[in-house]
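Enquirer: Have a look at the structure that comes next, please.
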Amino acid sequence: MKSVLYTMMLAAFLNPFASSSLTMSFPDMMQEFGATTNDMAWVVEAFLLCCTVAVIPAGKVADMYGKRKLFYIGSVVFTVISVCMCFVGSVEMLMFYRALQGIALGIVYTTSMSILTLSVPVERRGYAFGMIGGMVYLGLSLGPALGGLLNYYYGWRSIFVFTALLGIVANGMAFCSLQQEWVHAPDSRVSFSSLMLYAFGISAVMIGITEWVRFWWSAYAIVAGIVALGILGYTEWHSKDPLIPVRMFASNLGFYHV
């Protein structure tokens with residue numbers, strides 16, 4: 001149990017650290033790429049948006065094909081992308097790789113929480129999730145400080161070298177500690193229409209809010225996103241194999257059974 005906990009603690013550290021560690025490096029990136037503050041905002045937004053969109057579909061796919069397998073995929077992709085980001089030559093490529101990084105860490109996040117819940121005895125889950133929470137806030141607080149330190153002495157690309165090394169360690173720990181595969185719904189399927197509604201709804205709302213000041217169509221994007229999420233909620237309520245089990249929100253009894 002301890003080896004699994006330590007692995008998931010490192011995974012919990014990666015997401016907030018990767019999200020916050022670049023903030024002190026934006027001036028140097030802007031100077032190198034000739035980028036604007038809006039470009040840098042999209043470097044952040046691409047990561048957060050793709051991470052958010054990936055979480056729920058990743059959970060569904062993990063139930064179908066195995067949580068350990070999806071965790072491996074997410075952590076390996078994150079590590080490879082971190083290496084690739086050391087060689088980016090434009091702000092557009094930086095945005096693209098940050099989006100892929102966000103997807104990878106969304107997969108890691110959702111599978112790590114599931115694996116931890118299934119691996120830790122009920123009486124120890126409070127302790128385990130407390131440790132995970134501590135690592136999340138440690139990543140958030142250390143990100144700007146350590147990222148700024150690395151940027152000052154070695155340049156902003158060194159941040160991705162560091163995250164790649166963390167990814168390698170996380171992969172090694174996962175391969176050593178995760179000996180069981182968890183497949184809960186092998187006959188389930190992901191509805192393409194539900195996936196598209198979910199991705200479009202979340203993306204439209206977040207982009208509309210982000211670009212509220214700059215573009216006239218932002219309000220329409222938010223409305224379109226809310227409508228798409230409303231349609232998604234209706235279809236998922238009547239689906240026998242939903243992407244999002246919205247019925248569990250109907251009552252506290254539903255949460256109890258989950």
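Enquirer: Kindly check whether there is at least one residue in the stretch 155-174 that is in contact with a Lys or Arg (Cβ under 7 Å, 6 or more places away or on another chain) and of a type outside the set (S, T, Y).
Expert: Scanning the stretch 155-174, I find no residue that is in contact with a Lys or Arg (Cβ under 7 Å, 6 or more places away or on another chain) and of a type outside the set (S, T, Y), so the answer is no.
Enquirer: Okay, moving on. Go through the residues of the stretch 78-88 one by one and say whether even a single one is of a type in the set (G, A, S), modelled with pLDDT of 90 or more and within 16 Å of the chain's Cα centre (by Cα).
Expert: Yes - at least one qualifying residue is present in the stretch 78-88.
Enquirer: May I ask you to list the residues in the stretch 35-88 that are among the small types (G, A, S) and touching a residue at least 40 places away in the same chain (Cβ under 8 Å)?
Expert: Scanning the stretch 35-88 gives A35, A41, A46, A54, A58, G59, A62, G66, S75, S82.
Enquirer: Still on this model: Among the residues of the stretch 170-191, how many are assigned to a helix (DSSP H, G or I), of a type outside the set (S, T, N, Q) and in contact (Cβ under 8 Å) with a residue 24 or more places away in the chain?
Expert: 5
Enquirer: Let me ask something additional. Filter the stretch 85-95 down to the residues that are under 20 Å from E45 (Cβ atoms) and of a type outside the set (D, E, K, R) and list them by number.
Expert: Matches in the stretch 85-95: M85, V88, S90, V91, M93, L94, M95.
Enquirer: For V213, state whether it is of a type in the set (A, V, I, L, M, F, W, C), in a loop (DSSP other than H, G, I, E, B) and more than 25 Å from F71 (Cβ to Cβ).
Expert: So V213 fits the description; yes.
Enquirer: Consider only pairs whose beta carbons are under 7 Å apart and that are at least six residues apart or on different chains; among these, list those whose first residue lies in the stretch 192-206 and is within 16 Å of K60 (Cβ to Cβ) and whose second residue is charged (D, E, K, R) and surrounded by 18 or more Cβ atoms within 10 Å (Cβ to Cβ).
Expert: S194/E236
Enquirer: Out of (1) in contact with a Ser or Thr (Cβ under 9 Å, 6 or more places away or on another chain); (2) surrounded by fewer than 18 Cβ atoms within 10 Å (Cβ to Cβ); (3) of a type in the set (S, T, Y), the odd one out for Y65 is which?
Expert: Only one criterion in (1) in contact with a Ser or Thr (Cβ under 9 Å, 6 or more places away or on another chain); (2) surrounded by fewer than 18 Cβ atoms within 10 Å (Cβ to Cβ); (3) of a type in the set (S, T, Y) is unmet by Y65, namely (1).
Enquirer: Out of the stretch 153-186, which residues are modelled with pLDDT under 90 and either farther than 22 Å from V83 by Cβ or among the β-branched types (V, I, T) (or both)?
Expert: Selection gives S177, L178, Q179, Q180, E181, W182, V183, H184, A185, P186.
Enquirer: Do the conditions hold for M40, that is, is it of a type in the set (A, V, I, L, M, F, W, C) and crowded, with 18+ Cβ neighbours inside 10 Å?
Expert: yes
Every residue, every condition in (1) in contact with a helix residue (DSSP H, G or I) (Cβ under 7 Å, 6 or more places away or on another chain); (2) surrounded by 13 or more Cβ atoms within 10 Å (Cβ to Cβ); (3) outside any helix (DSSP H, G or I); (4) acidic (D, E), yes or no:
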position: G134; (1), (2), (3), (4): no, yes, no, no
position: L140; (1), (2), (3), (4): yes, yes, no, no
position: A145; (1), (2), (3), (4): no, no, no, no
position: I168; (1), (2), (3), (4): yes, yes, no, no
position: V205; (1), (2), (3), (4): yes, yes, no, no
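Enquirer: Considering only residues that are in contact (Cβ under 8 Å) with a residue 40 or more places away in the chain and small (G, A, S), look in the stretch 147-165 and name the one that is surrounded by the fewest Cβ atoms within 10 Å (Cβ to Cβ).
Expert: Selected residue: G155.
Enquirer: Okay, next question. Among F17, F47, which is the only one that is more than 26 Å from V213 (Cα to Cα) and not aliphatic (A, V, I, L, M)?
Expert: Only one candidate qualifies: F17.
The values are calculated or read from the model by the stated rules, or taken from the named source; none is laboratory data. As the structure is a prediction and not an experimental result, all values here were calculated from the model. Every residue, glycine among them, receives a Cβ derived from its backbone with ideal geometry; neighbour counts consider all protein chains shown.
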